[in-house]
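The structure appears below as structure tokens.
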Amino acid sequence: MNSKITRLVSLFVVMFTMCSMSALAGSSYYSKVTTKAVGQGKVYVKYGSSGNPSYETESSATSGGQSSQEHKYYLYAQANAGNSFAGWYDNQACEGSAVSTEATFTVTVNATSTSSGSPTTKAYYAKFVDASAPVLGYGKTRDYANLSAGTYKNETLTAKNVTEITYESSNQKVAIVATDGTVTLKKNGSCIIKAKANGAEGSYILTVIDDVAAGKTQIGNGDFEDWRGVTSSNHAPANWNGFETAVGDVAEGALGSLVKVQQVVMVEDHRPGSNGLYCVDIYSRSAFGIPAQGNLTTGCINAGATSATSQENYNFSKISDTNKSETISLIPSAIKLWVKFVPAADNEKHPNARVSASIHDAHNYITYSTGDNATNQSYAIAQAELNFPSTNGEWKELTIPFVPTGNSTDGQMYILVNLATNADPGEGQVVDHLYVDDIELVYDKNIGITVNGTQAPLIEAPIEVTFNKNNTIDFNLKNFGADGNYVGNISVTGLPIGNDGTFSYKGNINITEGDLPNVQWIGPALGPIPLDMKGTIKGSYFYVHIDISMAGQVVEVEVGDRADATLKVSNALIGTFCAPFKVAIPTDATASTITGADNKGVLTLEEIGTGFIPANTPVVVEALQAFNMNVSGIYVKGTETPTVGLLTGVYADTDALVGSYVLQDNKKGKVGFFKVVEGNRYPKVGANHCYLIVPSSNVKAFYFNEEDATGIENVNDNLNEGAEAIYNLAGQRINKLQKGINIINGKKILK
């Protein structure tokens with residue numbers, strides 16, 4: 001044979017039937033293999049351990065009457081003179097990547113039980129080429145690699161009659177390939193790695209898996225690229241379950257064939273801009289003429305009744321089984337996914353597909369198709385759900401917010417995600433198709449930014465936190481901007497987490513480009529910049545504080561949950577305040593902690609000179625005029641009643657304690673901290689205000705507006721007493737600072 005290889009010289013056919021019935025007593029497993037030579041070369045097939053057939057132009061082997069479902073066939077290909085074997089293919093044109101480039105190829109067939117023994121077909125083809133022609137191909141044509149491994153190399157490349165081999169990746173966001181074929185893993189997803197030389201080429205599909213440990217912030221295999229767990233009895237993607245892995249009396253009983261059937265398949269399709277090659281197709285079918293909706297879940301399907309609307313049929317988190325439950329460490333703000341819903345026909349009564357997600361505590365939480373009960377709902381922490389119509393054959397992005405239920409937990413949290421071809425069980429149409437791709441949990445955390453001491457309004461931005469197997473996390477603040485500039489992504493990887501949930505980092509980082517379109521990012525051009533990060537992640541609480549020195553500016557960033565409060569100073573020009581976040585001190589106002597007291601009615605105050613009231617810090621606030629302002633910030637977890645010095649702050653309306661002192665304006669016009677005595681009515685300390693505790697004190701009150709300005713003392717002695725005019729509260733000029741309240745340049749100064 002002296003021409004280029006164009007002919008097929010073997011045809012290998014495996015007979016294989018999918019049957020939804022379970023193996024019946026007395027039945028056998030059947031499969032049949034046939035090979036046929038159609039060109040130069042020789043092939044033969046041997047089943048199991050039976051005989052040693054010689055090379056022939058036609059050969060066959062049959063298995064049957066076996067107790068085992070798994071059958072092995074041994075394929076052999078031998079080239080004639082002047083030819084060489086190129087590989088085994090699963091298509092008659094021998095296009096694309098070879099299934100195997102080994103001349104001796106073992107095929108394992110999981111044959112399905114049939115009572116008749118009637119086999120069906122699946123074909124493999126042997127390709128022979130001119131011995132002088134270039135041959136290039138991979139024996140392993142699909143493989144998986146863990147992102148944490150960093151690199152990967154497919155060692156099954158066969159190269160003959162070629163010189164320099166070049167490599168390329170179909171998606172360099174997922175993986176890039178070096179000149180020696182070594183792949184650097186960049187991001188989870190799938191890509192095609194192709195080798196080329198002398199007009200020949202071979203390729204394989206590489207799927208990069210971000211396979212993190214339990215306690216993560218994303219759903220495992222949410223991009224539906226990982227299909228390693230597919231078997232003859234489970235066609236669901238890894239980390240997901242369908243009807244084939246359902247539990248329950250119906251599924252495991254006499255009617256098992258009605259439930260444990262395939263309604264999920266991998267499809268070579270993906271949403272626009274995806275890093276992957278595949279999506280999941282969930283489809284409905286007919287059961288005795290009734291539409292049985294397609295169902296896919298991170299939990300498990302319980303099939304307990306033949307009626308589709310029975311409460312014995314439900315999805316649930318089986319928390320004792322890591323394959324049928326999904327842990328999570330933070331409560332997301334929304335779930336985002338891409339869908340393409342193609343119903344078989346219009347259905348005016350039941351036209352919608354459905355997606356739902358529930359965050360719950362450590363219980364086997366159930367999502368019922370109809371109804372619910374109070375006990376089950378008490379386990380739910382947050383829920384997101386949406387029914388949606390046909391997308392007219394187009395991919396559509398959905399973002400569904402999580403709504404808190406009011407329940408909470410300090411223990412392990414789980415997420416149960418359900419995808420269904422119809423919102424109403426037993427309805428819809430036969431062969432409705434719901435395609436789903438790239439499910440992502442969104443964490444739009446609030447960000448507080450202070451640049452050179454000036455605080456900007458809170459903004460929201462997506463935060464990515466990935467939990468690694470070695471008890472570390474990767475932190476990524478995406479699309480960060482400050483002072484009107486687009487900066488980029490701030491990422492720190494491998495942060496160790498302490499037993500108390502805290503983590504920290506101090507060192508230099510390189511800011512990378514964000515992913516917003518048509519934006520000029522300044523961060524990458526800055527080179528290494530110093531960063532100091534401290535944070536806490538525990539239960540549903542997440543907080544990060546970052547200090548950055550960048551482009552001559554001092555930037556402070558806080559990331560976490562938003563909190564709100566009211567900062568108020570009454571007409572008496574004095575008030576108390578405490579909040580779980582830092583607050584800028586208003587112009588013409590001062591904030592002070594109370595550090596001491598004596599039995600003569602004198603308090604010692606220390607003024608805060610940083611310009612900000614720190615989080616969880618109770619203070620006395622004085623101003624030149626009354627004001628009432630709403631303030632917001634990033635919640636910093638502290639105690640319920642934070643105490644600094646002698647002041648204690650509260651975050652909810654609280655009855656004053658007997659023996660404590662509460663700031664009031666009494667009937668005689670005197671303003672001060674008045675002692676609470678035993679009685680029928682006690683004053684309220686309002687949310688974000690403070691009360692005073694002075695141990696063993698017999699003083700009835702600490703006044704702010706006594707004529708002699710006694711009763712309060714400030715230890716700030718950093719003033720040049722002779723430099724400026726000083727006045728007392730009566731407007732009289734005095735020679736030096738007096739104990740109490742003084743006025744200098746229109747500002748109240750306490751001594």
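The values are calculated or read from the model by the stated rules, or taken from the named source; none is laboratory data. For clarity, every value in this text was computed on a predicted model and none was experimentally measured. Counting neighbours? That spans all protein chains shown, and the Cβs are built from the backbone with ideal geometry, glycine included.
Of all residues in the stretch 609-632, which are under 17 Å from Thr566 (Cβ atoms), small (Gly, Ala, Ser) and surrounded by fewer than 20 Cβ atoms within 10 Å (Cβ to Cβ)?
Ala626, Ser632
Determine which member of the set Phe475, Phe480 is surrounded by 19 or more Cβ atoms within 10 Å (Cβ to Cβ), under 20 Å from the mean Cα position of the chain (by Cα), more than 22 Å from Lys637 (Cβ to Cβ) and modelled with pLDDT of 85 or more.
Working: Phe475 fails: more than 22 Å from Lys637 (Cβ to Cβ).
After applying the criteria, what remains is Phe480.
Are any residues in the stretch 168-203 surrounded by 19 or more Cβ atoms within 10 Å (Cβ to Cβ) and of a type outside the set (A, V, I, L, M), and if so, which ones?
Scanning the stretch 168-203 gives Asn171, Asn188, Gly189, Ser190, Cys191, Gly202, Ser203.
Within the stretch 536-545, can one find any residue that is within 28 Å of the chain's Cα centre (by Cα), hydroxyl-bearing (Ser, Thr, Tyr) and part of a loop (DSSP other than H, G, I, E, B)?
yes
Condition first: in contact with a strand residue (DSSP E or B) (Cβ under 7 Å, 6 or more places away or on another chain), in a loop (DSSP other than H, G, I, E, B) and modelled with pLDDT of 80 or more. Can you find one or more residues in the stretch 116-126 that meet it?
no
Check the stretch 226-234 and report whether any residue there is closer than 11 Å to Gly276 by Cα and within 23 Å of the chain's Cα centre (by Cα).
Scanning the stretch 226-234 turns up at least one residue that is closer than 11 Å to Gly276 by Cα and within 23 Å of the chain's Cα centre (by Cα).
Name the residue, out of Gly638, Gly596, that is assigned to a loop (DSSP other than H, G, I, E, B) and more than 18 Å from Ser570 (Cβ to Cβ).
Result of the check over Gly638, Gly596: Gly638.
Which of the numbered conditions does Val109 fail, given that it passes all the others? Conditions: (1) under 42 Å from the mean Cα position of the chain (by Cα); (2) surrounded by 15 or more Cβ atoms within 10 Å (Cβ to Cβ); (3) part of a loop (DSSP other than H, G, I, E, B).
Val109 satisfies every listed condition except (3).
Being in contact with a strand residue (DSSP E or B) (Cβ under 8 Å, 6 or more places away or on another chain) and outside any strand (DSSP E or B) narrows it down to one residue among Asp437, Asp515; which is it?
The unique qualifying residue is Asp515.
Check whether at least one residue in the stretch 174-195 is part of a strand (DSSP E or B), farther than 18 Å from Arg142 by Cα, outside the structural domain of Glu326 (by TED's automatic domain parsing) and not hydrophobic (A, V, I, L, M, F, W, C), and report yes or no.
Taking the stretch 174-195 and keeping what is part of a strand (DSSP E or B), we get 175-177, 183-185, 189-195.
This time we only want the ones that are farther than 18 Å from Arg142 by Cα, so: none.
No, the stretch 174-195 contains no residue that is part of a strand (DSSP E or B), farther than 18 Å from Arg142 by Cα, outside the structural domain of Glu326 (by TED's automatic domain parsing) and not hydrophobic (A, V, I, L, M, F, W, C).
Take Asn422 and decide whether it is at pLDDT 85 or above, part of a loop (DSSP other than H, G, I, E, B) and surrounded by 21 or more Cβ atoms within 10 Å (Cβ to Cβ).
So Asn422 fits the description; yes.
Right, Asp211: at pLDDT below 85, surrounded by 18 or more Cβ atoms within 10 Å (Cβ to Cβ), in a loop (DSSP other than H, G, I, E, B) and under 18 Å from the mean Cα position of the chain (by Cα) or not?
Working: at pLDDT below 85: yes; surrounded by 18 or more Cβ atoms within 10 Å (Cβ to Cβ): yes; in a loop (DSSP other than H, G, I, E, B): yes; under 18 Å from the mean Cα position of the chain (by Cα): yes.
It is true that Asp211 is at pLDDT below 85, surrounded by 18 or more Cβ atoms within 10 Å (Cβ to Cβ), in a loop (DSSP other than H, G, I, E, B) and under 18 Å from the mean Cα position of the chain (by Cα).
For residues that are surrounded by fewer than 22 Cβ atoms within 10 Å (Cβ to Cβ) and among the hydrophobic types (A, V, I, L, M, F, W, C), scanning just the stretch 340-365, find the one that is nearest to the chain's Cα centre (by Cα).
Ala362
Looking at Gly498, Gly507, which one is exposed (fewer than 15 other Cβ atoms within 10 Å of the Cβ), touching a strand residue (DSSP E or B) at 6+ places or on another chain (Cβ under 8 Å), at pLDDT 85 or above and more than 23 Å from Lys582 (Cα to Cα)? Walk me through it before giving the result.
Values: Gly498 fails: touching a strand residue (DSSP E or B) at 6+ places or on another chain (Cβ under 8 Å).
Just a single option satisfies the conditions, and that option is Gly507.
Restricting to the stretch 246-269, name every residue that is crowded, with 19+ Cβ neighbours inside 10 Å and either at pLDDT 90 or above or under 25 Å from the mean Cα position of the chain (by Cα) (or both).
Gln263, Val264
Residues checked against (1) among the aromatic types (Phe, Trp, Tyr); (2) at pLDDT below 75; (3) touching a Ser or Thr at 6+ places or on another chain (Cβ under 7 Å):
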position: Ser3; (1), (2), (3): no, yes, no
position: Thr17; (1), (2), (3): no, yes, yes
position: Ser27; (1), (2), (3): no, yes, yes
position: Tyr44; (1), (2), (3): yes, no, yes
position: Ala86; (1), (2), (3): no, no, no
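Being closer than 25 Å to Asp444 by Cβ and part of a strand (DSSP E or B) narrows it down to one residue among Ile331, Ile415; which is it?
So the residue among Ile331, Ile415 that is closer than 25 Å to Asp444 by Cβ and part of a strand (DSSP E or B) is Ile415.
Kindly evaluate Asn705 against the criterion of being modelled with pLDDT under 90 and over 30 Å from Ala615 (Cα atoms).
no
Take the residues in the stretch 393-422 that are in contact with a Phe, Trp or Tyr (Cβ under 8 Å, 6 or more places away or on another chain) and among the aromatic types (Phe, Trp, Tyr); name whichever of them is farthest from Asn499 (Cα to Cα).
It comes out as Trp395.
What's the number of the only condition in (1) under 27 Å from Ile359 (Cβ atoms); (2) in contact with a Pro (Cβ under 9 Å, 6 or more places away or on another chain); (3) modelled with pLDDT under 90 that Gly539 fails to meet?
For Gly539, the failing item is (2).
Looking only at the stretch 570-588, count how many residues are buried (at least 19 other Cβ atoms within 10 Å of the Cβ) and over 41 Å from the mean Cα position of the chain (by Cα).
Counting residues in the stretch 570-588 that are buried (at least 19 other Cβ atoms within 10 Å of the Cβ) and over 41 Å from the mean Cα position of the chain (by Cα) gives 3.
Taking the stretch 630-649, which residues are within 27 Å of the chain's Cα centre (by Cα) and charged (D, E, K, R)?
First pass over the stretch 630-649, keeping only residues within 27 Å of the chain's Cα centre (by Cα): 632-638.
If the condition is that a residue be within 27 Å of the chain's Cα centre (by Cα) and charged (D, E, K, R), then Lys637 is the only one that fits.
Could you look through the stretch 677-699, keep only residues that are surrounded by 15 or more Cβ atoms within 10 Å (Cβ to Cβ) and hydrophobic (A, V, I, L, M, F, W, C), and pick out the one that is farthest from Val650 (Cα to Cα)?
In this case the residue turns out to be Val699.
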